Amino acid sequence: MASDPLLILSGAGLPASAWDDVRSRLDAESRVVPSPGPSGTLGSYADAALATAGDWSHFHLVAHSLGGAVASAVVASAPERVARVTAVAAIVPPAGRSFTGALPLPGRLVMGAVVRVLGTRPPDSALRATCRGLSEEDTALVVGGFAPEGRRVYLDRTPPRTWPEASYVVTTRDDQFPTAQQETYAAELGATTVRLATGHLPMLERPAELAALLAQAS
């Protein structure tokens with residue numbers, strides 16, 4: 001029996017090409033959901049995901065970082081189509097809370113204020129910090145290719161949903177989201193956990209290992 005295709009919800013601002021090495025190692029078909037851009041809402045991100053899935057009747061939803069909030073909206077919109085969810089260092093808010101609302105204090109207040117006032121493009125220094133562990137080439141890809149997201153995808157409340165079978169890849173060298181915080185999100189997802197010794201961007205730092213984990217989960 002063929003594996004379900006993989007629909008990838010990338011982290012904030014990442015170019016789709018960040019997933020190229022992972023995708024080249026997968027036997028199953030895969031697609032990366034494009035961002036609706038600065039005007040996007042949580043609902044429009046979910047719509048973009050389902051449009052990208054096209055005629056797939058079932059798919060394995062892979063959600064990285066910000067993609068965890070979007071995954072909530074996708075599962076709420078089309079629960080019959082999402083066969084499985086794999087979260088990768090993803091924020092998974094409780095139903096009724098937003099991406100920023102799922103952050104621990106004081107980050108919750110700081111992030112909410114920053115997004116509302118300054119927008120969703122971090123300074124290059126912050127992006128470079130996210131890239132710790134990456135080559136200069138991959139760091140340049142992330143920093144140079146970063147595209148700001150819509151404010152509302154960070155601030156819109158997630159809808160009620162019932163998660164399908166799920167797994168969570170905990171990135172144990174992640175400066176953005178500590179291990180204990182990620183485990184809280186895994187519990188919200190009701191997921192089994194696996195650990196990967198990378199920073200926040202394992203699709204670039206350890207693509208072969210991440211691809212193997214995704215293939216095992218499919």
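The values are calculated or read from the model by the stated rules, or taken from the named source; none is laboratory data. Because the structure is predicted, anything quoted here is derived from the model rather than measured. Don't worry about glycine lacking a Cβ; one is built from the backbone with ideal geometry, like all the others, and counts go over all protein chains shown. Accessible surface areas use protein heavy atoms only, side chains included; no ligands, DNA or RNA. Shrake-Rupley method; radii C 1.70, N 1.55, O 1.52, S 1.80 Å.
If you take the square roots of the eigenvalues of the alpha-carbon gyration tensor of the chain and sort them as a ≥ b ≥ c, do you get rounded (a/c under 1.5), prolate (a/b over b/c) or oblate? Numbers along the way, then the final one.
Working: a/c = 1.35, a/b = 1.11, b/c = 1.21.
Rounded, because the longest to shortest axis ratio a/c is under 1.5.
Over the chain, with the other protein chains present, what is the accessible area per residue in square angstrom, probe 1.4 angstrom? Each step should come with its number before you reach the end.
Working: 9450 Å² over 218 residues.
Ligands and nucleic acids excluded, the figure is 43 Å² per residue.
Between Asp27 and Arg116, what is the label-point separation in nm under the 7 Å Cα-to-beta-carbon projection?
With each label placed 7 Å out from Cα toward Cβ, I get 5.1 nm.
Shape of segment 24-132 from its Cα gyration tensor (a ≥ b ≥ c, root eigenvalues): rounded if a/c is under 1.5, otherwise prolate when a/b > b/c, or oblate? Spell out each step's value before the answer.
Details: a/c = 1.91, a/b = 1.57, b/c = 1.21.
Because a/c hits 1.5 or more and a/b exceeds b/c, segment 24-132 counts as prolate.
Would you work out the relative contact order for segment 1-130, in percent, from Cα pairs under 8 angstrom that are 6 or more residues apart?
The value is 22 percent.
Might you report the magnitude of the Cβ-based charge dipole of the chain about its Cα centre, with Lys and Arg at +1 and Asp and Glu at -1, to the nearest 20 debye? Let's see the in-between values first.
Details: 18 positive and 21 negative charges, 142 e Å.
In debye, rounded to 20, the chain gives about 680.
Quick one: divide the alpha-carbon radius of gyration of segment 138-178 by 2.2 N^0.38 Å and tell me what you get. Don't skip to the answer; put the middle values down first.
On the way: Rg = 15.2 Å, N = 41, 2.2 N^0.38 = 9.0 Å.
The reported ratio for this selection is 1.68.
With the Cα gyration tensor of segment 100-218 giving a ≥ b ≥ c as the square roots of its eigenvalues, does the rule (a/c under 1.5 for rounded; else a/b larger than b/c for prolate; else oblate) give rounded, prolate or oblate? Walk me through the numbers on the way to the answer.
On the way: a/c = 1.81, a/b = 1.08, b/c = 1.68.
The shape class here is oblate.
Considering only C-alpha atoms, what is the centroid distance from segment 157-172 to segment 60-93, in Å?
Result: 6 Å between the Cα centres.
Take every Cα pair under 8 Å in segment 133-218 that's 6+ residues apart, average their separations, divide by the length, and report that relative contact order as a whole percent. It would help to have the intermediate numbers written out before the result.
On the way: 74 pairs, mean separation 25.1, N = 86.
With pairs under 8 Å counted, the relative contact order is 29 percent.
Mind listing the phi-derived Karplus ³J(HN,Hα) values for segment 14-21, rounded to whole Hz, using 6.51, -1.76 and 1.60 with θ = phi - 60°, and x for any glycine or proline?
6, x, 4, 5, 4, 9, 4, 5
List the longest stretch of the chain that has no exposed loop site; here a site is one of the GluC sites (Glu not before Pro) assigned by DSSP to anything other than H, G, I, E or B, with at most 14 other Cβ within 10 Å. Provide the component values of the computation, followed by the final result.
Values: sites that count: Glu29, Glu80, Glu165.
Longest stretch, sites excluded: 81-164.
Hey, in the GNM for the chain with a 10 angstrom Cα cutoff, which one of Ser17, Ser65, Ser98 fluctuates hardest?
The residue that fluctuates most here is Ser17.
Between Val194 and Asp20, how high is the FRET efficiency from 1/(1 + (r/R0)^6) when r is the Cβ-Cβ distance and R₀ = 25 Å? Nearest 0.05. Mind dumping the intermediate values first?
Working: r = 22 Å, r/R0 = 0.90.
Taking R0 as 25 Å, the efficiency between Val194 and Asp20 is 0.65.
Rounded to the nearest 500, what is the chain's calculated 222 nm mean residue ellipticity when only DSSP H runs of at least 4 contribute -39500 (n - 2.57) each, over all residues?
That calculation yields -11500 deg cm²/dmol at 222 nm.
Once phi is turned into θ = phi - 60°, what whole-Hz ³J(HN,Hα) does the Karplus curve with 6.51, -1.76 and 1.60 give for every residue of segment 44-52, x standing for Gly and Pro?
Taking θ as phi minus 60°, the curve returns 6, 5, 5, 4, 4, 5, 5, 5, 5 Hz for segment 44-52.
Take the Cβ-Cβ distance between Ala212 and Arg97 as r, set R0 to 30 Å, and report the resulting FRET efficiency rounded to the nearest 0.05. Each step should come with its number before you reach the end.
On the way: r = 32 Å, r/R0 = 1.08.
So, using R0 = 30 Å, E works out to roughly 0.40.
What list of ³J(HN,Hα) couplings, whole Hz, do you get for segment 61-78 from phi and the Karplus terms 6.51, -1.76, 1.60, once you set θ to phi - 60° and write x for glycine and proline?
Couplings: 8, 10, 10, 9, 6, 4, x, x, 5, 5, 4, 4, 5, 5, 5, 5, 6, 9 Hz.
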